[in-house]
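The values are calculated or read from the model by the stated rules, or taken from the named source; none is laboratory data. Computed from a prediction, not measured in an experiment: that's the story for all the values here. Positions of Cβ are backbone-derived with ideal geometry, glycine not excepted, and every protein chain shown enters the neighbour counts. Please note that ligands, DNA and RNA were not included when accessible areas were found on the heavy atoms of the full protein model with its side chains. Shrake-Rupley method; radii C 1.70, N 1.55, O 1.52, S 1.80 Å.
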Amino acid sequence: MSEIRFYINDFRVDMYDGQKIGYTKQVNSLKNLSSRQTNFSKSFKVPATPKNVKNFEGLGMTGTNSNMPYQKNTAMLFVGNLCLIAKGWTIYRGKKGNDFDINIYDGNIDFFKELDNVKFEDVDIPELSHIKNIEEIKSNWENGNDYYKYLLADYNGKTHFEIGLNKYINTDYLIPSVKTSFLWEKIFQTFGFTFSGAIFDTQAYKDLFLTYPKGVISGQSGDVFADIEVNISNFVGFERSKVHPMTLNENYDDYTDAVTVETSIDQGSYNICPWDSNQVYSYYQVPENGYYKIRVTGSLDTNILGFQKAIVLLGKNKHQQEQTQIANLYSIFQTDEANLHQIDWENMTDQYYNAGDTIMIFWFYNSSSSFSVSSPKNYNIKLEVSKINQTEIDQTSFFKGLTPKDFYREIMWRFGLTPFPSKDSNHLDFLTYDERINGDVEDWSDFYIGSEEEDSEEYILGDYAKRNYFRFKYNGEEQDFNDGYFDIENENLDDNINVITSKTYSPNEFPVPFLIGNQNEDIPVLELWEKEVKQEDGETVIEYKARDSRFSFVKERVLNTAVNIGSEQLGETNSATKLRVVDNADYSFQKLKEEYYSPMDVLFNRVLLITTKFKLNISKFDSFDLKKRIYVKQKGGEFLVDKMKKSHLTDDITECKLIKINR
């Protein structure tokens, strides 16, 4: 009889003479599609010899604080010279009398244990970190990368905006999607594992993306850097056809009356303008590079005539230019026939400034006639400068609401995969159900030692029903249009059950026409914003509220079309020579069922599970990896081996549970 040797953390454990150890080999049982099984030993006794107690850090002795039952303990098990378990886990169940009760697990346990309680911030993915802005999206569309793509879809935000006669795709309401093949590789690399499988060479796998889970626009208002307010009753020194600064300082009081200037400068500075000898004008200087929200409000009295024009303007870096040479100003307000005398305005704009750039507000009056107007009176102006916090995309925010284990399961479910672990290395080989059912076959007829009297049969496989559903999440209540199912012809089963419930959301049922260039394209709807329609001052206003934790699997389609793009939030426009969109594909679970689960029809209809015995020596037992199907002449056909069990590792008798393949 072969000797059994057992090692915990590389020390050899004392065993009872003739110790019997039972061991079960299994992979993902088809009894439950959402579960993942691992190999295990039957609980066995280990004597509390002085050597064992010492190596177990005094476990079982009164007053000791051994941590052995609570930590990871490696396991190696030899049967003769054959290493049956090379990378196992030792589980201490307890101690009774002079015996420790122990189990060994191996197989998938290493990888699943690595994923336990792990979040995506524990996975090093610096490639996903970036600033969401128009330059990033343009470059991503035209050049791409191997990590993430900004795939155009209707995310239920504001899709377009207009400037004059031009219409722009609004990049504020676009979100990135991570390439699932890249993410899968990163998870395996992080935990020191490798993988293989034909599925990973398919376009269906390579073309798959996982969307960012929440709506984020291209920038959010941050701290107020400056708040400047000027009030004056009489604005003197006015000349027609010149621009006049409206951002004043207290020196203006030297030649007029009733001026008040209030400033609250948190960052940056409010400085005297150098080109005015009276030193009555000032400008605000920004402290650092970035996008800024400029809010200008105010009012004044004037006697503008209908054929004359007055404009309030915003100037960038105009503090050192001559008044007659100032050009390229941003218009805040312009008079018209309805606004000639009492003028009120409110305007906001987002612009990019470099550190040291300056901001001034100007007044301009012009007329082709000889009529003049008096200077503005009762003038109030308020300038507020806020820093826009640009949207930073990182791995922590990218996967809020999803763990690496969740993602791993989603890929397994999506492609119908079964993992087969290597015995002596951190490697998983993945097979589809088609590869398992229609792959290589071994003839075990000569190993069969069962009998009609001892063999048992079952006609129900697991907790299935007559109709078995694969479920998505949906934006609407009681929706199921993209769910899938498979049927089992057995009237004795319950009517239906959910066998897989995904954490991902289905796209909406119907695509929408989306204007791209000069034509409409059918684009899927993925609701990452919620539209709320309101009435404000008699006008209809749409407010967009971001949704959270809404992942979707999508595919990419490239359009070689020139388009105008812009960020309404940041006040920028650009163009792109091509773009990447979410493909209007069939994303239903039913399609996935047809592609990856249809081979299981030969297992689930007229289910037959047989438990029988074979004569397999320890070498054959060890070498059979459960990937192949077997043929057993005595049982009349081909089978998948669901599990194989030895009650005693030194005995050739092996009990196997088989699932009949009904061709």
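Odds and ends about this structure:
- Three-way shape label, segment 455-595, alpha-carbon gyration tensor, a/c 1.5: prolate
- Among TYR631, GLY88, SER269 - extreme Cα towards positive end, dipole of the chain, charges at beta-carbon: TYR631
- Leading residue at positive end of dipole, segment 445-582 (Cβ point charges), from GLY476, GLY450, LEU528: LEU528
- Net lengthening on full extension, GLU594/HIS427 (0.36 nm per residue, minus Cα-Cα): 57.2 nm
- Computed over protein heavy atoms with a 1.4 Å probe, the carbon and sulfur contribution to the accessible area of the chain reaches 42%.
- For the pair ASN490 and THR396, label points projected 7 Å from Cα toward Cβ lie 4.9 nm apart.
- Per residue solvent-accessible surface (Å²) - segment 1-101, probe of 1.4 Å: 51 Å²
- Look at the alpha carbon pairs under 8 Å that are at least 6 residues apart: their mean separation over the length of the chain gives a relative contact order of 17 percent.
- Partner lysines for LYS377 [C-alpha distance under 21 Å; skip if fewer than 8 residues away on the same chain]: LYS242, LYS309
- For the pair LYS377 and ILE542, a Förster radius of 51 Å applied to the C-beta separation gives a FRET efficiency near 0.85, rounded to the nearest 0.05.
- The chain: Cα Rg divided by the 2.2 N^0.38 Å rule of thumb: 1.40
- Summarising the overall dimensions of segment 392-537 from its C-alpha atoms, the Rg and Dmax are 23.4, 88 angstrom.
- Violating pairs (Cα-Cα greater than 28 angstrom) within the set LYS149/LYS628; LYS119/LYS628; LYS25/LYS400; LYS132/LYS545; LYS466/LYS645: LYS149/LYS628; LYS119/LYS628; LYS25/LYS400; LYS466/LYS645
- Vicinal HN-Hα couplings computed from phi for segment 40-47 (Karplus, 6.51 cos²θ - 1.76 cosθ + 1.60; Hz; Gly/Pro x): 7, 9, 5, 4, 9, 8, 10, x
- From the Kirkwood radius over Cα pairs of segment 43-112, Stokes-Einstein at 10 °C and 1.306 mPa s returns a whole-number translational diffusion coefficient of 121 µm²/s.
- Under the simplified labelling scheme, the LYS531-ARG12 pair shows an inter-label distance of 7.6 nm, with each label point 7 Å from Cα along Cα→Cβ.
- Computed FRET value (nearest 0.05) for SER269 with LYS119, which takes r as the C-beta separation and R₀ as 25 Å: 0.05
- Cα gyration tensor shape of segment 416-472, rounded if a/c is under 1.5, else prolate or oblate by comparing a/b with b/c: oblate
- Residue pairs, from the table LYS387/LYS531; LYS620/LYS657; LYS45/LYS613; LYS186/LYS593, whose Cα atoms sit over 20 Å apart: LYS387/LYS531; LYS45/LYS613; LYS186/LYS593
- The residues packed around LYS534, meaning those with a beta-carbon under 14 Å from its beta-carbon, carry a net charge of -4 if Lys and Arg are +1 and Asp and Glu are -1.
- SER619-ILE460 pseudo-label distance in nm [points 7 Å out on the Cα-to-Cβ vector]: 4.4 nm
- Estimated D of segment 452-529 in µm² per second, where Rh is the Kirkwood radius over Cα pairs and Stokes-Einstein applies at 37 °C, 0.692 mPa s: 206 µm²/s
- All Cα pairs of segment 1-133, percent lying beyond 23 Å: 45 percent
- Within-14-Å neighbourhood charge of LYS578 [Cβ basis; K, R +1; D, E -1]: +1
- Database remark: amide H of LEU248 closer than 5 angstrom to the amide H of SER282 (H placed geometrically; neighbours at sequence offset of 5 or more, or on other chains; Pro and chain starts carry no H).
- HN-Hα J in Hz across segment 222-233 - Karplus 6.51, -1.76, 1.60, θ = phi - 60°, x for Gly and Pro: x, 5, 7, 7, 8, 9, 10, 10, 10, 10, 8, 8
- Spread over its residues, the convex hull of the C-alpha atoms of segment 120-217 is 119 Å³ per residue.
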